[in-house]
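Novice: First the structure, then my questions, so here it is.
The values are calculated or read from the model by the stated rules, or taken from the named source; none is laboratory data. These figures come from a predicted structure and were not determined experimentally. Cβ coordinates were reconstructed from backbone atoms using ideal geometry, including for glycine residues, and neighbour counts include every protein chain displayed. Ligands, DNA and RNA are excluded from the accessible area calculation, which covers all protein heavy atoms including side chains. Shrake-Rupley method; radii C 1.70, N 1.55, O 1.52, S 1.80 Å.
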Amino acid sequence: MTQTPVASEPPILRVRDAIRRRQRFLLTSHARPDGDSIGSQLAMAFALDALGKDVRLVNADRAPDHYQGFPGMDRIEIVARVDTSAVDAVIVMECGDLERTGVAGLDHPFIINIDHHVGNSLYGAINWHDETAAACAEMVFDAIRALDVPLSFEIATHIYLAILTDTGAFHHSNITPRTFDICRQTVEAGVNPAAMARRVFDSNSSGKLKLMGTLLGSMVLVDDGRLAVLHMDDGMLEACGCTHNDTEGLINLPLTAREIQAVVFFKVTPENAVRVSMRSKYDVDVRKVANAFGGGGHKNAAGFTVEGRLEDVRPDILQRLVVAIAEGLHTRPLP
Ligand code: 5GP
Ligand code: MN
């Protein structure tokens, strides 16, 4: 007997019931994957395996090298377009809107949308949206528990990987007791935090170290040293023997300086567009800046892409960041 879901039922229960009633799933997440998109996706995949479901995983882009050795990575197909007619549901994790996937053809009648970004456009048949989650994987963890799937080593690894990376290695301001409670359970399931941190953060190539030097050497400080501006183009990458996959995490380097409250990282693309990533400390809200340019993210980590030349778009972006820093510093917690 099938039950009609009650609209007022908590979304996690609607997600649980929808998964129980269906057999064939397509799982996806956002373009240019990060630890939370990969971790959420694969934790969910292993949980669906445990329930005997059919699972297909697709992403628009390959994940950076330091994620490649994790369990199940070889199952993710890299596609520009997908045909969803053979599945009963599409589970989209970690995407504020469907375009964030970068995959065409996902407009299936039964999309389960699981996300923690502010401003999710509620594009699913079921929308489970929790802005208080430090990582989307906190929600995936709860879903897996609700489905009564045991926390296997593979699932625990991906949940921890997602939380470790999406909290900026436990630096961001959205960490709660729940975050540590979930991490505790993953460690009990066999995750080794020291090994995870080494694997994710200490796996740089020597070319990447060179790139760090080049980037920091050309760093510009504005707003009395509170805002660091980094700039990168393909020429710098080539000169250091690097690819775009080597750029993850570089943006965080300036935040290790006490005075620096925010960082903006400009990547000039050959298509006459500028990819902008931002990071901040405490209550400096870079998401607001990203929103002003059609992007998104979180208070301490956000991004967007703008058309045009760097010199044309840069002044407005810097001005908005200076305002965000001034506003954020008013409410800065004591160290
Ligand atoms: P990153 O700077 O690492 O690319 O992204 C930082 C955060 O901002 C991530 O959580 C990501 O979800 C969000 N973000 C980055 N770029 C975009 C974008 O173009 N659109 C939206 N909506 N979010 C973005
Ligand atoms: Mn996330």
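Novice: Given the Cα-Cα distance of I175 and E238 and 0.36 nm per residue of separation, how much length would full extension add, in nm?
Specialist: So the chain would gain 19.0 nm between I175 and E238.
Novice: May I pose another question? D83 to R20: extension gain in nm, 0.36 nm per residue of separation minus the Cα-Cα distance?
Specialist: Numbers: separation 63, 0.36 × 63 = 22.68 nm, distance 2.26 nm.
Stretched out fully, the D83 to R20 stretch lengthens by 20.4 nm.
Novice: Give me the one-decimal nm value for the distance between modelled label points at S203 and A292, 7 Å along each residue's Cα-to-Cβ direction.
Specialist: For the pair S203/A292, the computed spacing is 3.7 nm.
Novice: Sticking with this structure for a sec: I want the antiparallel fraction of DSSP beta bridges within the range 18-164, as a percent rounded to 5.
Specialist: Around 0 percent antiparallel, to the nearest 5.
Novice: A further question on this structure: Across the range 233-248, in residue order, what do the Karplus-derived ³J(HN,Hα) couplings come to in whole Hz, using 6.51 cos²θ - 1.76 cosθ + 1.60 with θ = phi - 60° and x for Gly and Pro?
Specialist: Residue by residue, the range 233-248 yields 9, 4, x, 5, 4, 4, 4, 9, x, 10, 10, 4, 5, 8, 8, 4 Hz.
Novice: Would you mind pulling out the separation of the Cα centroids of the range 240-315 and the range 196-229, in Å?
Specialist: Centre-to-centre (Cα) distance: 13 Å.
Novice: Something else about it: Hey, can you list the DSSP H helices of the chain whose Cα span along the axis is 20 Å or longer and whose average Kyte-Doolittle score is at least 0.0?
Specialist: 35-50, 310-330
Novice: Using per-residue counts of other Cβ atoms within 10 Å, averaged over each peptide, order 127-134, 114-121 from highest down.
Specialist: Numbers: 127-134: 18.2, 114-121: 21.5.
Averaged packing, sorted descending, gives the order 114-121, 127-134.
Novice: Taking K and R as +1 and D and E as -1, what net charge do the other residues with C-beta under 15 Å from the C-beta of L211 add up to?
Specialist: Net charge around L211: -3.
Novice: Points 7 angstrom from Cα along the Cβ direction at A194 and L13: gap in nanometres?
Specialist: Distance between the two pseudo-spin positions: 4.4 nm.
Novice: Amide H to amide H, which residues 5 or more places from A104 or on other chains are under 5 Å from it, using H placed in the peptide plane?
Specialist: Correct list: R81, V82.
Novice: Which percent, to the nearest 5, of DSSP beta bridges fully inside the chain are antiparallel?
Specialist: Numbers: 21 of 48 bridges.
Of the beta bridges lying entirely in the chain, close to 45 percent run antiparallel.
Novice: Give the residue from G308, L318, G225 lying farthest towards the positive end of the charge dipole for the range 180-335; charges sit on Cβ (+1 for Lys and Arg, -1 for Asp and Glu) and the dipole is referred to the Cα centre.
Specialist: Going by the Cα projections, it comes out as G225.
Novice: About the Cα centre of the chain, how large is the charge dipole given +1 on each Lys and Arg Cβ and -1 on each Asp and Glu Cβ? Please answer in debye to the nearest 20.
Specialist: That gives the chain a dipole magnitude of about 400 debye.
Novice: Rounded to the nearest whole Å², what accessible area per residue is found for the chain with the 1.4 Å probe?
Specialist: Each residue of the chain exposes 44 Å² on average to a 1.4 Å probe.
Novice: Then there is this: On full extension of the chain, what length is gained from M212 through E131, given 0.36 nm per residue of separation minus the C-alpha to C-alpha distance?
Specialist: 25.9 nm
Novice: Which residues does a label at Y282 reach in the range 292-335, if reach means a backbone N under 17 Å from a point 7 Å past the Cα toward the Cβ?
Specialist: Hits in the range 292-335 for Y282 at 17 Å: 299-301, 322-335.
Novice: What FRET efficiency, computed as 1/(1 + (r/R0)^6) with R0 = 35 Å and r the Cβ-Cβ distance, is obtained for V222 and R145, rounded to the nearest 0.05?
Specialist: Values: r = 46 Å, r/R0 = 1.32.
E(calc), rounded to 0.05, equals 0.15.
Novice: What FRET efficiency comes out for Q68 versus Q185 if R0 is 25 angstrom and r is the Cβ-Cβ distance? Round to the nearest 0.05. Walk me through the intermediate numbers first.
Specialist: Numbers: r = 26 Å, r/R0 = 1.03.
Result of the calculation: an efficiency of 0.45.
Novice: What part of the accessible area of the range 12-131, given as a whole %, is carbon or sulfur when the probe is 1.4 angstrom?
Specialist: Exposed carbon and sulfur together represent 46 percent of the surface.
Novice: Within a Cβ distance under 12 Å of A50, other residues only, what is the Lys/Arg minus Asp/Glu net charge?
Specialist: -2
Novice: Note down the net charge around L122, summing +1 for each Lys or Arg and -1 for each Asp or Glu among other residues with Cβ under 12 Å from its Cβ.
Specialist: It works out to a net charge of -2.
Novice: Once you put a point 7 Å from the Cα of E259 and another 7 Å from the Cα of A104, both along the Cβ direction, what distance in nm separates them?
Specialist: Label-label distance for E259 and A104, simple model: 5.0 nm.
Novice: Next question. Before rounding to the nearest 500, sum -39500 (n - 2.57) across all DSSP H runs of length at least 4 in the chain and divide by the residue total; then give [θ] at 222 nm in deg cm²/dmol.
Specialist: It lands at -11000 deg cm²/dmol.
Novice: What whole-number value in cubic angstrom gives the convex hull volume per residue for the C-alpha atoms of the chain?
Specialist: Spelled out: Cα convex hull of the chain, divided by residues, is 140 Å³.
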